[in-house]
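Heads up: the structure comes next, in structure tokens.
Just so it is clear, none of the values below were taken in a lab; they were calculated from the coordinates. Worth saying up front: this structure is predicted, and the values here are computed from it rather than measured. Glycine also receives a Cβ, built like all others from the backbone with ideal geometry; neighbour counts cover every protein chain displayed.
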Amino acid sequence: MQLQYLLFDPSDDGEGTGTWDAMASVEASRLPEVMKEVQAVLAWAEAHSPGPRRPLDEGGAWDADQLVQTEGDWTTVTLTITGPWAWGEALMAAFPPAES
């Protein structure tokens, strides 16, 4: 599945753990499309889980945080995924950005 709205920005902690942040800001009519992408990414992460999902500092292998904020006619969706670098890179390969 190519992502139309979510654009991930990866960062590596240098110790094998990565964080992938994505943000999409859309008008309310497009929110269901963005949430479909969020759910697809999270479903892949669950299906290919490298271990238990919970904060890494609490013994989790990976975690995700989702935030939805509405301001006026616009809604911003933020998705942050943290986990092993190789696993996160496989996740990103499964969801390439759409070509503009």
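Could you state the orientation-averaged shadow area of the convex hull built on the Cα atoms of the range 21-100, in nm² to one decimal?
Computing the convex hull of the Cα atoms and averaging its projections yields 5.9 nm².
So if I place +1 on the C-beta of Lys and Arg and -1 on the C-beta of Asp and Glu, and nothing else carries charge, what would the dipole magnitude of the chain be about its Cα centre? I want it in debye, nearest 20.
360
Return the loop-located GluC sites (Glu not before Pro) in the range 1-99 (DSSP other than H, G, I, E, B) with at most 15 other Cβ atoms within 10 Å of their own Cβ; answer none if there are none.
Loop-located and lightly packed - 15, 99.
Mind checking which of 49, 11, 29 has the largest fluctuation in a GNM of the chain, springs on alpha carbons under 10 Å?
Most flexible of the set in this elastic network: 29.
Just subtract the alpha-carbon distance of residue 93 and residue 69 from 0.36 nm times their residue separation and send over the number in nm, one decimal.
Full extension from residue 93 to residue 69 adds 5.9 nm.
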